[in-house]
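Below is one structure, written out as structure tokens; comments come after it.
Bear in mind that the values in this text are calculations on the coordinates, not laboratory data. Note that the structure is a prediction, hence the values are computed from the model and not measured. Cβ sites come from the backbone with ideal geometry, for glycine too, and all protein chains shown count toward neighbours.
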Amino acid sequence: MIPYGRQSIGRQDIKNLNKVLKSNWLTQGPLVEKFEREICKFVGAKYAVATNSASSALHISCLALGLKSNQYFWTVPNSFVASANCGLHCKAKVDFVDIDKDTWNLSPEILKNKLKKIKNKKKIPKIIIPVHFSGQSTEQKEIKNLSKKYKFKILEDASHSLGGMYKGEKIGSCKWSDVTVFSFHPVKTITTAEGGMAVTNNKKIYKELLKLRNNGITKDIGDFEKKIKSIWYYEQQSLGFNYRMNELEASLGLTQLKRIKKFIKERNLISKRYMSLLKDTPLQLPSIRRYNYSTFHLFVVRFKSKLLKKYSYDKFFNYIRKLGVGINLHYLPIHLQPYFRNLGFKENYCVNAEQFSKEAISLPIYYGLKIKEQKKVVKIIKDTFNNFK
Ligand SMILES: Cc1ncc(COP(=O)(O)O)c(C=O)c1O
């Protein structure tokens, strides 16, 4: 089976991991700090806090941005559930903004209209969490402009887009947001096995994130409530978690980061090849705005064929899988998951995302995918259309 995504572990990754294993330091230490500094340099942000996943980074970011129980936060339905769970863990109320039909990212128009319709000020979201779906940035400028009028914070879920660019700025520069979160899960642009990172330009938020990652504890003398300067002293000032990254993960992150440009360049090459090989098929191909550089974490296409109505998505999907192509679905709409239905969400709430989920398939894309394998994928897709006619 050709998978839809996979990591690339090199000799240097393994060599450095071995060094860490033989060292005295396995838990969060100097390599984590170095990884944070390198990510800051790479994306152009002032502060970074490494965590054990993007899910945990999203959670403490919501807390650090001041999300309180019963306040609202909004995100998109076509994302991984973590984009919504993070706010629910703060006991806040979730709502969803539908996606744009072309970019498959949060639609600024729909967002604008949804905000306009709010009569009760208490229902204005405290935080909006746009997701850079598949590696292409959302329309950050438009969202930022709306945030000035409605006073919400912006938490970018950039799990898919470390290394991507928007209007000449690296994703993570936080030029148009308060915090940006990355994931280092194995199918992402670089991996630490499990891991995440929150970056920000705001020192106060940064300090809050540091505490929340470490059970609410600070060891920073300047922040103590008591005037004690002893080196053994520490204070727990809030209710935090153990969301720390360890040295093994940071080591892997550091060596992976050295190859990120190569990884993303190849993902862009693969996507260009798909665009050309698939242009005469009844598929809607990704539409990348000219001011965006996508990481192509995913290569998603939509079955626009009438054949789909006749044969069903399920049948096409199983057929292609049986032929050895590990296609996948990103994503089932979050609001239609049983947990969210129990909160009151139903069909026809976000029609664009719902229609998208009935047609979208993720094709294999990763560093190391051979041209021969890619051509096999394309042939199988084309043959599938012919066989189903
Ligand atoms: C958009 C999005 N947000 C958040 C996450 C959560 O990332 P992690 O697995 O690092 O917790 C993922 C992971 O797939 C994701 O795709």
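Going by average Cβ density within 10 Å per residue, which order do the peptides 66-73, 118-125, 215-222 take, highest to lowest? List each step's numbers first, then the result.
On the way: 66-73: 15.9, 118-125: 11.8, 215-222: 13.8.
In descending order of packing, they fall as 66-73, 215-222, 118-125.
If we count other beta carbons within 10 Å of each Cβ, what is the order of M165, M197, fewest first?
M165, M197
Take every DSSP beta bridge with both residues inside the chain and express the antiparallel ones as a percent of the total, to the nearest 5. Working shown, then result.
Working: 25 of 39 bridges.
Close to 65 percent.
Give me T51, T384 ranked fewest to most by other Cβ atoms within 10 Å of their Cβ, as a rough exposure proxy.
Fewest-to-most Cβ neighbours within 10 Å comes out as T384, T51.
Show me, for the range 231-236, the HN-Hα J-couplings you get by feeding each phi into the Karplus relation (A = 6.51, B = -1.76, C = 1.60, θ = phi - 60°), rounded to Hz, glycine and proline as x.
Values per residue, Gly and Pro as x: 6, 7, 7, 8, 10, 8 Hz.
What does the convex hull of the alpha-carbon atoms of the chain project to on average, in nm²?
On the way: hull surface 82.2 nm².
Quarter of the Cα hull surface area: 20.6 nm².
Ranked by Cβ crowding within 10 angstrom, fewest neighbours first, how are I129, I231 ordered? Write down the numbers at each step before the final one.
Numbers: I129 29, I231 7.
Going from sparsest to densest Cβ surroundings: I231, I129.
Among 313-319, 332-338, what's the highest-first ranking by average C-beta atoms within 10 angstrom per residue?
Descending packing order for the listed peptides: 332-338, 313-319.
Amide H neighbours of K93 under 5 Å, counting only residues 5+ apart in sequence or on other chains, H built in-plane at 1.01 Å?
The list, which skips near neighbours in sequence, is N70, Q71, Y72, F73.
Lysines within cross-link reach of K167: Cα-Cα under 17 Å, excluding same-chain residues under 8 positions apart?
K141, K144, K175
Among Q12, Q284, Q140, which one shows the highest mean-square fluctuation when the chain is modelled as a Gaussian network with alpha-carbon springs under 10 Å?
In this elastic network of the chain, the residue with the biggest mean-square fluctuation among Q12, Q284, Q140 is Q12.
Counting Lys +1, Arg +1, Asp -1, Glu -1, what net charge surrounds L323 among other residues with beta carbon under 10 Å of its beta carbon? Mind dumping the intermediate values first?
Details: positive: R321, K322, K376, K379; negative: D383.
Neighbour charge sum, excluding L323 itself: +3.
Ordered by residue, what ³J(HN,Hα) values in Hz, to whole numbers, does the range 24-30 give under the Karplus form 6.51 cos²θ - 1.76 cosθ + 1.60, where θ = phi - 60° and Gly and Pro are x?
Working through the residues one at a time gives 8, 10, 10, 7, 2, x, x Hz.
Apply the Karplus curve 6.51 cos²θ - 1.76 cosθ + 1.60, θ = phi - 60°, to the phi angles in the range 39-44 and return the couplings in whole Hz, x for Gly and Pro.
With the stated coefficients, the range 39-44 comes to 5, 4, 4, 5, 9, x Hz.
Would you compute the Debye intensity of the range 260-388 from its alpha-carbon atoms alone, equal scatterers and no solvent, and pass along log10 I(q)/I(0) at q = 0.10, 0.22 Å⁻¹ to two decimals?
So the normalised log intensities are -0.37, -1.34.
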